[in-house]
Every structure is written in structure tokens, then in C-alpha cells.
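Enquirer: Provided herewith is a single structure, encoded as C-alpha cells, for subsequent inquiry.
The values are calculated or read from the model by the stated rules, or taken from the named source; none is laboratory data. Values in this document were obtained by computation on a predicted structure and should not be read as measured data. Cβ sites come from the backbone with ideal geometry, for glycine too, and all protein chains shown count toward neighbours.
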There are 2 protein chains.
Amino acid sequence: MAVSRRHVAKGAIAAAGTAVAMPAIAQSMPTINWRMTSSFPKSLDTIYQGGPSLAKFVSEMTDKKFNIQVFSAGELVPGLQALDAVQNGTVECCHTYPGYYIGKEASLIFDGSLPFGMTPRQHQAWLQFGGGRALMDEVYDKFNVVSIQAGNTGAQMAGWYRKEIKSVEDLKGLKMRIAGFGGRVLTKLGGVPQQIAGGDIYPALEKGTLDAVEFVNVYDDEKLGFYKVAPYCYGPFVMEMEASINLFINKTAWASLPPYYQAILRAAGAQADTEMIASYDAKNPKALASVLKNGAKLNFFPNDVLKALKTASEQVLDEEAAKNPLFAKILGNWRAFRSEIHRYHNIADARAEIVTYSLG
Amino acid sequence: MAVSRRHVAKGAIAAAGTAVAMPAIAQSMPTINWRMTSSFPKSLDTIYQGGPSLAKFVSEMTDKKFNIQVFSAGELVPGLQALDAVQNGTVECCHTYPGYYIGKEASLIFDGSLPFGMTPRQHQAWLQFGGGRALMDEVYDKFNVVSIQAGNTGAQMAGWYRKEIKSVEDLKGLKMRIAGFGGRVLTKLGGVPQQIAGGDIYPALEKGTLDAVEFVNVYDDEKLGFYKVAPYCYGPFVMEMEASINLFINKTAWASLPPYYQAILRAAGAQADTEMIASYDAKNPKALASVLKNGAKLNFFPNDVLKALKTASEQVLDEEAAKNPLFAKILGNWRAFRSEIHRYHNIADARAEIVTYSLG
């Protein structure tokens, strides 16, 4: 103990001495006030929380000097116009799903969610070590924004259906509330994607003017009660193996920050990302058990349906690549990485989970 | 555009104005110099990198005012004495694997790695939203340290073997370099765990005084060339579905930091965690392809071997719980969470990966 006390004097206690004068000094850190518009309503509490959590992390790391006020969808800016608001400088940043803007640039979907795509973890590996970061930055440069991952929903179930899907035939004419690339895939198989506001989905399913819906996660979907009128839900969750939620920052605003505040924003994004995934991972299993207890029926797509969905998905990607060189460039890189990492996780992490569960 | 310019004046440009005076002001942020001892040699580059990366993130977030000098295993302190060095204040912090210290307190293994356990993502969910954080803090309080996740290897292959493992019988008398709980499980099935220093493994395998080895990840193992003398490797990677690498901080040192430097350490941990997983996920698939090309043979444990390993694993946990009330308390919570999340990921993320790969 004598030895350790001597060492403490060199290290920990020396630091303690320095700390005495800190609070006053810290007052001189630069004060910055930003506004963040979220694409999500507060009712989607887990996904929305990514924004306030990120703001809280930033505030804590800057002794409350860098403050980001978060506005839910519609308070300042409609949810689907968050990118525009950041791009034109109405707000400094937004918390949004990149896939909302594929009408402007389809390549954004690689930072969002693709059927038979990557998990959140695989997405991070692709960004950080697979060349994805440079490719996505090329996309974001077109929008005058810096993008930081700041949340992820994890895999989402492949929808709620009024009737069972027993064959590819059952997808023909299916009126489904499904957006983006998922909608394009459904169209290829004869389905009819619908755009319906969140609050209108339940009554439409009840009346039968809508046959199915793909919304968010089991946890969110349970609150909206879809299982009561469209009780068939489907696994495995291949149609959206993740949905990355990002912080977009106006480049002028970004450039105005000292580098250490930029670094703090990046780190806060990593924390918000991990927190949202963890939060959904803790909530979804309970929500699934709850809806199953209350009448929902979990099925798995038959293999021919899965094959048809996979084929249609790759076709949709190929068609987009044929008309969009940037998309084509990213797709080649993304597919090679996906193939490698799926092969590996099929003997490593993913297979280990499946086998462990099967052993009881 | 006129509208947006007006808005910019309130937000982004206002921030830009503030920024002008920042660099000079930032000079007054408190300077802290810490030392981090790593449990890892620089040759394990990916796992070691978690330390320097964390230090770099902290430095960047504090305008180089909070500096952490990283020492590799043995430079200041032997790798397996990192916790002791932090506990007694020799250094302020260390980057280590909690499982190294199960001889002091077996409960540390819940923050390390368990056979048939959780993936890195599931571990995070357990810590943040499953009650794990409070339980583990109770463990760390005994060691006078604050613990922050700061890396993870992901699932590790179940070893390199000179001969095939075709039945439980083949594990009897097997001399295997394997540590911790994995070693206890092997003992239950008649195997003989060995402790051999890293550099001595290859010659022992070559001579046949050692039959098998479990080391780190395919990426690291390839460099040591085990596959040349023990070519049989096994999946699925159930024996170590993760290995969490943590930053341990002396509590006195921690308390000496202003709260915003504490927050910065936490955030840097989240970044280092994500980075290490991503790095291994990018490297391991290539390493596996490389060793298979060069003669390694990938097998899967037969189902009866998997069952025996699972049964033995649960017995080892039960036996430890019977003599350690803290371990028993954590085990109950951990098992319930594991069961729920494995059930969910078996239709969600993990199953989606398996099915996507199977569809080609």
C-alpha cells in the first residue's frame, strides 16, 4: 500500500490537484446554440430519443456550453423536409432517416436500409473500414451536409398483414403501406405500395382499404395496435435489416465549430447510435411477446417468397445503378462487402446466436 | 433562398461569428496528463488500437488538453496486472479484458465473454437497458474502478485443433491452450486446459505437446500461423461470442476530473468500441478466406458436441453461483436477458443475416 500511495501522488492525486481550479476556467469555453429538427414525432419515443440524447451528450461534454435545442417533427419543419432545412441553413442540424430523401438522390439508401442488406454493425464496418465513408461523403457533399450515424432501429419485421402470405401469388395486388426501396420491390412482385400518414393506417387496415403495413419496430407498432386488425407478422426480418438514423449538419455551421466541438459531435453520435440500438433490443423482445400473447401471429415467409423478394431486390438495385453512376459505384463496393461479411457472420456471430438459442 | 439566408443569420452564421474568438479561449481548458497501461502487445494491433484510439478521441475532444499516454503490455506493467495497477493508482487507467481477473472475482466474466453468451450488441443492451450496468458497477466498486466499454473482438472461433473433433469423446484428454471459463468447460468434458505464453504456442502445437489452442480472432491467429500445425478450426463461434475490452479508471482519478472530461471519456469509449468491432469485422472475413486458401479446414462441431459444451457451460455457471452470491445475482438477471434477446434475434437480425446469405 505504501508503494501504491507513492504512485498515486504521481498520477491520480496530481490530477486531483489540477481539478480544483477547473470549474471557473471552464466558464470560458465557447458558447454555441444550435437547433436540431427531428424527422420523428415524440410518440416514436425510442427513435426520437436519439436527438435529445445526442444533444445531452454534447451538453455534458462541453459543460453546457454547446447547446442543441431539439424540435420534434413539425414543430419547426415538417419531418420529411429536415434535410432541406439543414441544406439551406434554416437549422444547423437534423436527426433523420437518410432513406427519406431517395427521391433526391437514391444513393442515400446505402446509409439507410436495404432489403437483404447489412445489420447496423455491418453498416459501421462498411463505413469505417470498407470504403463506405468516402463513398457516402461524396453523396452528402451534394447536399452541403456532414453526416454522422446517430441511431439505428436494428432489423424491422417485414410488416403486418390482414391475410397470410403463403406464396408469391399472395403479394399480387397487395395494397401495402411501405416506403422507399421496399415499395419498389413490392411493385416488382405485383404489389401496390401506398403512402398513408401514420394516423390513417389503423382505420385503413380495419376497413380493408389497406392490406398490410410496414412501419417501424415491434415496440412502436404495438402501440399503434396494427396486430389487432392485421394480425399476421412475418420473419425473418430481411426486408429492413437496419434503419440508420443520422445527424445531418449544415457544412457552414460545421466549419464554424472549433475542431474539438466537431470531435464531440462525432463522439455523441457514436453514443446515441449505441443507445438507440440497445434500447430497441431491450424493448422489442418484450413487445413481440406481448403482441403474440394478444393475438398476433408470427409466421416466416416461405422460401419461394424469400427468393422472389431477394431477386426483386437485386433487380431494383441493378435498375437504379443503370441510370445513376454514383449509385452504381457505391453498389459495387457495398455488394462485395455485404457478401464477405455475411459469409463470415454465418459461421461467427449470427450463427452462434441461432445455435445457442436452438440448444435452449 | 432569401428565407433561408434570414434563418442562417439566426443559426449557423451566428455560430460562425462565435467561433472566431474560440481558439484563444480554448487554451484555458484544463490540462490533464494521464497514463494508460494496455493489457495487449502492439502485435495484437486491432485489439491494442482501442487504447490509442480512445486516447486520440479524448485529445481531439479537448483540444489536446486531456492527454492519455498509452503503454503496451509490459512497458510499465505486465499485461495481466493492469487492473491492479489502476486499483492501486500506479496508473490512472488501463485498457484490458475483464475476464483476465476472474481469479479475483468471477463476476467480472459477465463483462468479458461467456460461452453461449451474448454478442457485443446484446451485451450493450443488457448493460444499458437490462440492469447490467448497475450490477457490474457493484462488481467494479470492489476494485475501486469505473469501467467503460472500449472495444470488443466480436465472436471468436472455437479454436485450432491438430485433429478433428468428431464426438465428445475427442475432447477427453485434449490438451488445449484456453483460459478462463472456457477452460473450466473443457475440464468438465475431460479436456486439460493449459496456460502457455503466446510465443510458445506454435512450437508446442508443432511438437504435439499441445493439441489445440483458442487465442483471439482469425485475423490475429493467422499471423501466428496456428493453421499450419493445427489446421482444423471450428464454428459456429459459440464458445466466445464476444470479448469486451474495457477502460478501467481509478476512482480517485475519475473523481478528480471535471464532469465534462468524464463525459468525454465515456463518449470516447463508445467510439473505440464501435471502431474495434468494425475493424475486426472488416479484417476477419479476409483472414478466414486466406487461411482456408492456405490449408486451414473449417468444420462445425457436431450437434452432440455442441450440446455437451452448452450443458457443461451452464453447469460451470451454476457451480460458481452456488459459492458466490454476487455472481448468482448477476447470473439470474443475465440469463433472463440472454434468453429473451436470443429468441428475438432468432427471427430478427441474426436470422435475417443467415437467410440472406443462404439466398446467395
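Enquirer: Would you call residue A:12 modelled with pLDDT under 95, facing chain B (nearest Cβ under 10 Å), crowded, with 21+ Cβ neighbours inside 10 Å and closer than 27 Å to residue B:58 by Cβ?
Expert: yes
Enquirer: Something else about it: Taking the range B:35-76 only, how many residues are farther than 20 Å from residue B:266 by Cβ and of a type in the set (Gly, Ala, Ser)?
Expert: Looking only at that region, the number is 5.
Enquirer: If you don't mind, there's one more thing I want to ask. Quick one: residue A:127 ticks every box in (1) over 28 Å from residue B:120 (Cβ atoms); (2) at pLDDT 95 or above except a single one, so which number is it?
Expert: With respect to (1) over 28 Å from residue B:120 (Cβ atoms); (2) at pLDDT 95 or above, residue A:127 is out only on (1).
Enquirer: Please state which of the following conditions residue A:222 fails to meet, knowing it meets all the rest: (1) away from chain B (no Cβ under 13 Å); (2) over 20 Å from the mean Cα position of the chain (by Cα); (3) surrounded by fewer than 21 Cβ atoms within 10 Å (Cβ to Cβ); (4) closer than 25 Å to residue A:78 by Cα.
Expert: The single condition residue A:222 does not satisfy is (2).
Enquirer: Can you report the number of residues in the range B:254-269 which are farther than 19 Å from residue B:52 by Cβ and among the small types (Gly, Ala, Ser)?
Expert: 3
Enquirer: Check off (1) under 22 Å from the mean Cα position of the chain (by Cα); (2) at the interface with chain B (Cβ under 7 Å from one of its Cβ atoms) for residue A:269 and give me the number that stays unchecked.
Expert: Going through the list (1) under 22 Å from the mean Cα position of the chain (by Cα); (2) at the interface with chain B (Cβ under 7 Å from one of its Cβ atoms), residue A:269 breaks only (2).
Enquirer: In the range B:306-317, is there at least one residue being of a type in the set (A, V, I, L, M, F, W, C) and either closer than 18 Å to residue B:135 by Cα or free of Cβ contacts under 8 Å to residues at least 24 places away in the same chain (or both)?
Expert: Within the range B:306-317 (the criterion being of a type in the set (A, V, I, L, M, F, W, C) and either closer than 18 Å to residue B:135 by Cα or free of Cβ contacts under 8 Å to residues at least 24 places away in the same chain (or both)), the answer is yes, since at least one residue qualifies.
Enquirer: Hey, another quick one. Run residue B:160 past the list (1) within 14 Å of chain A (Cβ to nearest Cβ); (2) surrounded by 24 or more Cβ atoms within 10 Å (Cβ to Cβ) and report the number of the one that doesn't hold.
Expert: Residue B:160 satisfies every listed condition except (1).
Enquirer: Within the range A:252-285, how many residues turn out to be assigned to a helix (DSSP H, G or I) and in contact (Cβ under 8 Å) with a residue 40 or more places away in the chain?
Expert: Looking only at that region, the number is 22.
Enquirer: Still on this structure, please answer the following. Within the range B:87-113, how many residues turn out to be in a loop (DSSP other than H, G, I, E, B) and over 11 Å from the mean Cα position of the chain (by Cα)? Write out each step before concluding.
Expert: Going residue by residue through the range B:87-113, those that are in a loop (DSSP other than H, G, I, E, B) are B:88-92, B:97, B:102-105, B:112-113.
Narrowing the set further to residues that are over 11 Å from the mean Cα position of the chain (by Cα) leaves B:88-92, B:102-105.
Residues in the range B:87-113 being in a loop (DSSP other than H, G, I, E, B) and over 11 Å from the mean Cα position of the chain (by Cα): 9 in total.
Enquirer: Another question, if that's okay. Taking residue A:126 as the residue in question, decide whether it is under 16 Å from residue A:327 (Cα atoms) and touching a residue at least 40 places away in the same chain (Cβ under 8 Å).
Expert: Spelling it out, residue A:126 is indeed under 16 Å from residue A:327 (Cα atoms) and touching a residue at least 40 places away in the same chain (Cβ under 8 Å).
Enquirer: Sticking with this structure for a sec: Hey, can you tell me all the residues within the range B:184-207 that are small (Gly, Ala, Ser) and crowded, with 17+ Cβ neighbours inside 10 Å?
Expert: B:191, B:204
Enquirer: Being aliphatic (A, V, I, L, M), more than 9 Å from every other protein chain (Cβ to nearest Cβ) and outside any helix (DSSP H, G or I) is the filter; apply it to the range A:114-145 and report the residue that is farthest from residue A:315 (Cα to Cα).
Expert: Here the answer is A:145.
Enquirer: OK, next. Mind checking which residues of the range A:272-292 are of a type in the set (Gly, Ala, Ser) and facing chain B (nearest Cβ under 7 Å)?
Expert: Pass one, the range A:272-292, residues of a type in the set (Gly, Ala, Ser): A:272, A:278-279, A:282, A:287, A:289-290.
Of everything in the range A:272-292, those that are of a type in the set (Gly, Ala, Ser) and facing chain B (nearest Cβ under 7 Å) turn out to be A:278, A:279, A:282.
Enquirer: Take the conditions closer than 22 Å to residue A:45 by Cβ and more than 9 Å from chain B (Cβ to nearest Cβ) and apply them to residue A:244. Does it pass?
Expert: Answer is yes for this residue.
Enquirer: Quick check on my filter: what residues within the range B:327-357 are part of a helix (DSSP H, G or I), at the interface with chain A (Cβ under 7 Å from one of its Cβ atoms) and not acidic (Asp, Glu)?
Expert: The answer is B:341, B:342, B:343, B:344, B:345, B:350, B:351, B:352, B:354, B:355, B:356, B:357.
Enquirer: Any chance the range A:196-205 includes a residue that's under 29 Å from residue A:324 (Cβ atoms) and either in a helix (DSSP H, G or I) or in contact (Cβ under 8 Å) with a residue 24 or more places away in the chain (or both)?
Expert: No; the residues of the range A:196-205 include none that is under 29 Å from residue A:324 (Cβ atoms) and either in a helix (DSSP H, G or I) or in contact (Cβ under 8 Å) with a residue 24 or more places away in the chain (or both).
Enquirer: Looking for whichever is without any contact (Cβ under 8 Å) to a residue 40 or more places away in the chain and either more than 11 Å from chain A (Cβ to nearest Cβ) or assigned to a loop (DSSP other than H, G, I, E, B) (or both) here; the options are B:295, B:360. Which one fits? Give the steps one after another, and end with the answer.
Expert: Details: B:295 fails: without any contact (Cβ under 8 Å) to a residue 40 or more places away in the chain.
Criteria check complete, one pass: B:360.
Enquirer: Continuing with this model, one more query. Going residue by residue through the range B:240-251, is there one that turns out to be under 27 Å from residue B:127 (Cα atoms) and assigned to a helix (DSSP H, G or I)?
Expert: Within the range B:240-251 (the criterion being under 27 Å from residue B:127 (Cα atoms) and assigned to a helix (DSSP H, G or I)), the answer is yes, since at least one residue qualifies.
Enquirer: Checking residue B:46 against (1) within 7 Å of another protein chain (Cβ to nearest Cβ); (2) modelled with pLDDT of 95 or more, which single condition isn't satisfied?
Expert: Only one criterion is unmet by residue B:46, namely (1).
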